[in-house]
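Engineer: Handing you a structure now.
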Amino acid sequence: MAQLTDRFGRQIEYVRLSVTDQCDLRCFYCMPRGFRDFEEPGHWLTFDEITRVMGAFGRLGVQRVRLTGGEPLVRKNLPDLVSRLAALPGINDISLSTNATRMRKHARALRDAGVSRINVSLDSLKPEVFKQVTGGKLEKVLDGLMAARDTGLSPIKINMVAMKGVNDGEFEDMVEFCLEHGFTLRFIETMPMGDTGRHASRDHYLDLQTVRARLEERFDLVPGVMPGGGPARYMQVVGTDLRIGFITPISQHFCETCNRVRLSVDGTIYTCLGQEHNLELRPLLRAGCSDTELFDAIRRAVDLKPERHEFRDRPEKLLRFMSMTGG
Ligand code: SAM
Ligand code: SF4
């Protein structure tokens with residue numbers, strides 16, 4: 001079957017699949033503190049529906065799926081979904097983005113079901129800063145992270161949102177931490193997503209070019225590569241296995257190589273993190289659409305994919321919360 005290619009010649013081979021918009025943390029750049037306005041359970045795609053949609057994506061050339069959210073481990077029986085996705089023709093890579101609070105309990109089942117690698121959000125190694133950013137306990141996250149490592153999930157990538165005045169004193173410490181534990185480290189620039197009550201991208205934005213320059217003063221960095229590295233640009237610390245990635249949606253956007261779409265928990269395909277263009281699959285699925293109609297709908301969604309986001313030109317244009325789209 002013909003593969004999915006958008007109007008700008010980009011082949012879509014990656015889906016970020018949000019299995020819930022709920023989360024047990026409240027990172028201030030992602031979700032407002034008292035937020036409770038979640039999607040109602042009757043609108044969540046069921047595991048049968050998700051498997052059907054991902055099966056269609058697999059037949060259209062999508063090979064990689066990342067489970068995300070919200071916090072994906074908040075969704076019950078996630079390993080069951082992973083096993084079903086792992087059995088789909090075409091899908092050969094299943095990864096997970098998590099805050100790791102529940103990893104101690106689920107790491108082994110997830111690995112056995114077919115999760116090969118994980119990304120863990122970790123913005124600070126200081127309990128009080130971690131609490132200030134996420135509202136949660138650092139200790140629990142570190143415990144989950146170590147459980148994941150001990151289960152053999154690899155590589156484990158640490159995602160650190162770089163924030164001026166919040167965690168900008170800790171970049172070197174995070175590099176040392178990742179060196180010690182064999183993790184990959186990725187820095188992320190704050191993006192202007194939904195109005196969380198704190199404008200992280202305006203008040204705490206840090207251009208990662210300056211972060212990189214600062215790290216180069218302390219560590220010997222050379223350009224590196226990371227298989228399946230996505231939009232990050234990688235450097236390697238000489239004499240070690242440590243790779244450091246820089247995800248720079250604002251200072252150096254990477255839209256021309258964007259290979260992904262997002263499927264939210266309510267069955268909406270979002271074609272760009274920073275734009276509205278979307279297509280709702282749930283009504284079609286629940287009206288009993290045929291496979292041909294499903295393929296057509298996915299192709300129509302991909303046709304809507306805009307050329308690029310406008311985070312930089314229109315930072316005031318706040319769209320959905322990251323937790324709704326599936327970050
Ligand atoms: N709960 C999981 C986690 O935290 O990894 C998965 C979902 S979370 C929305 C995915 C990633 O999006 C995290 O690494 C988080 O730091 C990042 N993120 C959320 N809001 C962001 C924002 N406004 N700017 C930059 N990154 C953001
Ligand atoms: Fe939850 Fe992840 Fe958003 Fe933090 S970034 S609030 S952990 S979904």
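Engineer: Looking at Asn99, Asn92, which one is within 16 Å of ligand 2 (Cβ to nearest atom) and at pLDDT 95 or above? Full working, then the answer.
Structural biologist: On the way: Asn92 fails: within 16 Å of ligand 2 (Cβ to nearest atom).
Going through Asn99, Asn92 in turn, just one is within 16 Å of ligand 2 (Cβ to nearest atom) and at pLDDT 95 or above: Asn99.
Engineer: Ok, one more. Select the strands (runs of 3 or more DSSP E) contained entirely in region 251-315, then report the ones holding at least 1 residues which are buried (at least 17 other Cβ atoms within 10 Å of the Cβ) and among the polar types (S, T, N, Q). It would help to see each step written out before you state the result.
Structural biologist: Working: elements: 260-263, 268-270, 278-280.
The strands (runs of 3 or more DSSP E) meeting that bar are 268-270, 278-280.
Engineer: Tell me, which residue of region 67-89 that is surrounded by fewer than 20 Cβ atoms within 10 Å (Cβ to Cβ) and within 24 Å of Arg10 (Cβ to Cβ) is nearest to ligand 2 (Cβ to nearest atom)?
Structural biologist: Checking each candidate, the answer is Leu88.
Engineer: If you don't mind, another one. If I ask for residues that are over 15 Å from Pro155 (Cβ atoms) and away from ligand 2 (no atom under 16 Å from the Cβ), which ones from region 111-124 would you list?
Structural biologist: The first filter runs over region 111-124 and keeps only residues over 15 Å from Pro155 (Cβ atoms), leaving 112-114, 121, 123-124.
Selection gives Asp112, Ala113, Gly114.
Engineer: Just the residues that are over 20 Å from the mean Cα position of the chain (by Cα), in a loop (DSSP other than H, G, I, E, B) and not polar (S, T, N, Q), please, taken from region 208-244. Explain how you work it out, then say what you get.
Structural biologist: Here is the first cut: in region 208-244, the ones over 20 Å from the mean Cα position of the chain (by Cα) are 209-224, 235-242.
Within this subset, residues satisfying the condition of being in a loop (DSSP other than H, G, I, E, B) are 219-220, 224, 238-242.
Passing the criteria: Phe219, Asp220, Gly224, Val238, Gly239, Asp241, Leu242.
Engineer: Could you identify the single residue in Phe8, Phe38 that is more than 10 Å from ligand 1 (Cβ to nearest atom), of a type in the set (Phe, Trp, Tyr), under 20 Å from Ser97 (Cα atoms) and part of a loop (DSSP other than H, G, I, E, B)?
Structural biologist: Details: Phe8 fails: under 20 Å from Ser97 (Cα atoms).
Selected residue: Phe38, the only one of Phe8, Phe38 that is more than 10 Å from ligand 1 (Cβ to nearest atom), of a type in the set (Phe, Trp, Tyr), under 20 Å from Ser97 (Cα atoms) and part of a loop (DSSP other than H, G, I, E, B).
Engineer: So is Leu242 out of contact with any helix residue (DSSP H, G or I) (no Cβ under 6 Å at 6 or more places or on another chain), modelled with pLDDT of 95 or more and surrounded by 13 or more Cβ atoms within 10 Å (Cβ to Cβ) or not?
Structural biologist: Values: out of contact with any helix residue (DSSP H, G or I) (no Cβ under 6 Å at 6 or more places or on another chain): no; modelled with pLDDT of 95 or more: yes; surrounded by 13 or more Cβ atoms within 10 Å (Cβ to Cβ): yes.
So Leu242 does not fit the description; no.
Engineer: Further, regarding this structure: Sort through Arg26, Arg64, Arg59 and tell me the only one that's of a type outside the set (Asp, Glu) and within 16 Å of ligand 2 (Cβ to nearest atom). Walk me through it before giving the result.
Structural biologist: Numbers: Arg64 fails: within 16 Å of ligand 2 (Cβ to nearest atom); Arg59 fails: within 16 Å of ligand 2 (Cβ to nearest atom).
Of the residues listed, the single one that is of a type outside the set (Asp, Glu) and within 16 Å of ligand 2 (Cβ to nearest atom) is Arg26.
Engineer: Being outside any loop (DSSP other than H, G, I, E, B), closer than 25 Å to Leu208 by Cβ and of a type in the set (D, E, K, R), is that true of even one residue in region 150-158?
Structural biologist: The answer is yes; a qualifying residue exists.
Engineer: Find all pairs meeting these conditions: Cβ atoms under 7 angstrom apart; at least six residues apart or on different chains; first residue within region 60-82 and within 23 Å of Phe38 (Cα to Cα); second residue basic (Lys, Arg) and within 12 Å of ligand 2 (Cβ to nearest atom).
Structural biologist: Leu73/Arg102
Engineer: Whether any residue in region 211-232 is of a type outside the set (Lys, Arg), under 11 Å from Phe187 (Cα atoms) and without any contact (Cβ under 8 Å) to a residue 40 or more places away in the chain is what I want to check. Can you show your working first?
Structural biologist: Kept after step one, since they are of a type outside the set (Lys, Arg), are these residues of region 211-232: 211, 213, 215-217, 219-232.
Keeping just the survivors that are under 11 Å from Phe187 (Cα atoms) gives 211, 232.
Right, trim to without any contact (Cβ under 8 Å) to a residue 40 or more places away in the chain and you get none.
No - not one qualifying residue is present in region 211-232.
Engineer: Now, a different point. Would you be able to say whether some residue in region 164-176 is crowded, with 16+ Cβ neighbours inside 10 Å, within 12 Å of ligand 1 (Cβ to nearest atom) and over 23 Å from Thr240 (Cβ atoms)?
Structural biologist: no
Engineer: Being aliphatic (A, V, I, L, M), more than 16 Å from the chain's Cα centre (by Cα) and more than 16 Å from ligand 1 (Cβ to nearest atom) is the requirement here; does Leu110 meet it? Give the steps one after another, and end with the answer.
Structural biologist: Details: aliphatic (A, V, I, L, M): yes; more than 16 Å from the chain's Cα centre (by Cα): yes; more than 16 Å from ligand 1 (Cβ to nearest atom): no.
When the stated conditions are applied, Leu110 does not pass them.
The values are calculated or read from the model by the stated rules, or taken from the named source; none is laboratory data. Everything quoted here is computed from the prediction, not taken from an experiment. Note that we place each Cβ from the backbone using ideal geometry, even for glycine, and neighbour counts take in every protein chain shown.
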